[in-house]
Amino acid sequence: MDNSKGKSLWFLTGSQHLYGKETLDKVASNAGEVAGAIGKGVESLIGVASKPVLTTSDDIFQTCLDANNNPDCAGVICWMHTFSPAQMWIAGLNALQKPLLHLHTQHNRDIPWDEIDMDFMNLNQSAHGDREFGFMCTRMSIDRHVVTGHWRDPAVVADIAGWARAALGRAESLSLRVARFGDNMRDVAVTEGNKVAARMKMGWSVQGYGVGELVARINAISADDAGALVEEYKDTYSLSGKVTDDDAALNKLTESAKIELGMLNFLEEGGFKAFTTTFEDLHGLSQLPGLAVQRLMEKGYGFGAEGDWKTAALLRCMKVMSRGLEGGTSFMEDYTYHLDPSGMKVLGAHMLEVCPSIASAKPRLELHPLSIGGKDDPPRLVFPVATGRALNATLLDMGSRFRMLVNTVASVESPDLPKLPVARALWAPDPDLKISASAWILAGGAHHTGFSMSLKPEHIEHFSRMMGIEYLLIDTNTTIREFRNELRWNELYYKMKG
């Protein structure tokens, strides 16, 4: 499931032949040192490959083409160690199709006041060269992330790492395949969208399959394989007595195991990393897939309920971006409100499908009736969600463009809910429920989201910019007046941009 292994960022250093071989040798040595230090700082996430110093338009152009054609290159970092005349970069920047980070740094941190001379000035003039490069990027309307500061500063490395996560998400997005078991929930609007536009903009290939094709895979699962998975359930989770006390309940748990294995085989064989289901199309299934969906999400698959392929794809990208971070990421739905004026909150859940990666304690495997779908009682993992900072992200098809909407929240402790046997989250949205919900609705926000306790808004913002889609944030600084204005300005911008 981890497609990010082997990915790297290419470190491109600009200079020119004007300075002579001795200076260029120092530039190359310094660039290797900078790239090596950054690489060490992000080594658990991605590699950093230092490329030969670029001094001509032809070399720059060819390197950018090579980056485009290398599937392991997730993005490029550019640094102008000396002055690199930016007209040399035009052809390369026009050709470049990978995300661009402009690192505005210099090899030395401090000015050597007593020893500085013109040789030092000629070698260490990124303050000069990076502004030249920055002008050309702006002149060419090239979107990029600019990081300023010394390369040994942990904050600089962390900034680069945050951008790199989004670059990995983009790389995943461009080859992402989504399987839809059944179609969209009938007459629902926000979960629909233009799949052709999504493939053109984000690379998502969304494929529909009749539930009967999934049922055939489920029926092919052997009793031994299903039984082995049931034993894994018993070893992994706290099981309620109702699940194991009678043969009928155990049969339902065994059927859930067959559903999980059948789904997993289907997804693996088709190269799918995300999928959807809908409780309005369960023909041939004895129960709504609940436990199977939860466990597949925990393995890294993206999921969307009721045919919501946009959220399924987004969730997969979010899981790739969050690799190695504390916390988890799950499919989520704003279900109902607690409107006490002393502390308004949102209770989030979705019947059965919440990922255990965000659980605060060992999940309990329980069996209960489900009052929707008309099928057998489905097993599910029941747990409260961990407390701490989190965000909700949703992707919307606005007709003329895609819009990413993010709301930062504080996940808080949930009271015991003895009559609500589902996994659930309770959060206080920023800046408060009145403003956040009003802004969310004004922006056309969906009820399905990717809920993450590991990602920060800047990760989603970087990803949105790399994909060329609109980004809106609701956080502690949001006011309805300013948010309305941002919506109006964005509408005008995208109409003018075409």
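Taken together, the values in this text are just the output of simple stated rules run on the coordinates, not laboratory data. This structure is a prediction, so every number in the text was calculated from the model and none was measured. Don't worry about glycine lacking a Cβ; one is built from the backbone with ideal geometry, like all the others, and counts go over all protein chains shown.
Less than 20 Å from a label point 7 Å out along the Cα-to-Cβ axis of Asn108: which backbone N atoms in the range 147-183 qualify, by residue?
Taking a point 7 Å out along Cα→Cβ of Asn108, the residues of the range 147-183 whose backbone N falls under 20 Å are 149-153.
Determine, for Arg186, Arg401, the number of other Cβ atoms within 10 Å of each Cβ, and report the residues in order from fewest to most.
Arg186, Arg401
What does the net charge come to around Glu231 if you take all other residues with beta carbon closer than 13 Å to its beta carbon, with K and R at +1 and D and E at -1?
In short, -3.
Want the number for Asp246 to Asp377: 0.36 nm per residue separation, take away the alpha-carbon distance, what's left?
45.8 nm
Between Glu458 and Ser238, with labels modelled 7 Å along Cα→Cβ, what's the label distance in nm to one decimal, could you check?
3.8
Given labels modelled 7 Å from the Cα in the Cβ direction, how far is it in nm from Ile441 to Met344?
Between Ile441 and Met344, the simple spin-label model gives 1.0 nm.
Given the rule -39500 (n - 2.57) for each run of at least 4 DSSP H residues, summed and divided by the residues of the chain, what is its mean residue ellipticity at 222 nm, to the nearest 500 deg cm²/dmol?
Estimated from H runs of four or more residues: -12500 deg cm²/dmol.
By how many nm would the segment from Glu491 to Thr476 lengthen if fully extended, with 0.36 nm per residue of separation less the alpha-carbon distance?
So the chain would gain 3.1 nm between Glu491 and Thr476.
Could you compute the FRET efficiency for Gln87 and Asp66, with r as their C-beta to C-beta distance and R0 at 25 Å, rounded to 0.05?
0.75
Each residue of the range 87-96 in order: what ³J(HN,Hα) in whole Hz does its phi give by Karplus 6.51 cos²θ - 1.76 cosθ + 1.60, θ = phi - 60°, with x for Gly and Pro?
Going residue by residue, I get 5, 5, 8, 4, 4, x, 5, 5, 7, 4 Hz, with x marking Gly and Pro.
How many percent of all Cα-Cα pairs in the chain sit more than 42 Å apart?
26
Which percent, to the nearest 5, of DSSP beta bridges fully inside the chain are antiparallel?
In the chain, approximately 45 percent of DSSP beta bridges are antiparallel ones.
In whole Å, what are the Cα extents of the range 372-498 along the three principal axes, biggest one first?
Principal extents (Cα only, largest first): 53, 33, 25 Å.
Starting from the Cα of Lys242, draw a straight line to each of the lysines and keep only those under 25 Å, dropping any in the same chain fewer than 8 residues away.
Lys234, Lys252, Lys258, Lys362, Lys375, Lys419
Just want the ordering: Met140, Met118, from fewest to most Cβ atoms lying within 10 Å of their own Cβ.
Met118, Met140
Starting from the Cα of Lys345, draw a straight line to each of the aspartates and glutamates and keep only those under 13 Å, dropping any in the same chain fewer than 8 residues away.
Straight-line reach from Lys345, under 13 Å: Asp334, Glu413, Asp430, Asp432.
Hey, rough spin-label estimate for Asp225 and Ser175, points 7 angstrom out along Cα→Cβ, what's it come to in nanometres?
2.5
Ser57 to Asn265: FRET efficiency via 1/(1 + (r/R0)^6), r the Cβ-Cβ distance, R0 56 Å, to the nearest 0.05?
0.65
Starting from the Cα of Lys98, draw a straight line to each of the lysines and keep only those under 16 Å, dropping any in the same chain fewer than 8 residues away.
Here the lysines satisfying the reach criterion relative to Lys98 are Lys7, Lys51, Lys201.
So if we plug the beta-carbon distance of Ser29 and Arg131 into 1/(1 + (r/R0)^6) with R0 = 25 Å, what FRET efficiency do we get, rounded to 0.05?
0.60
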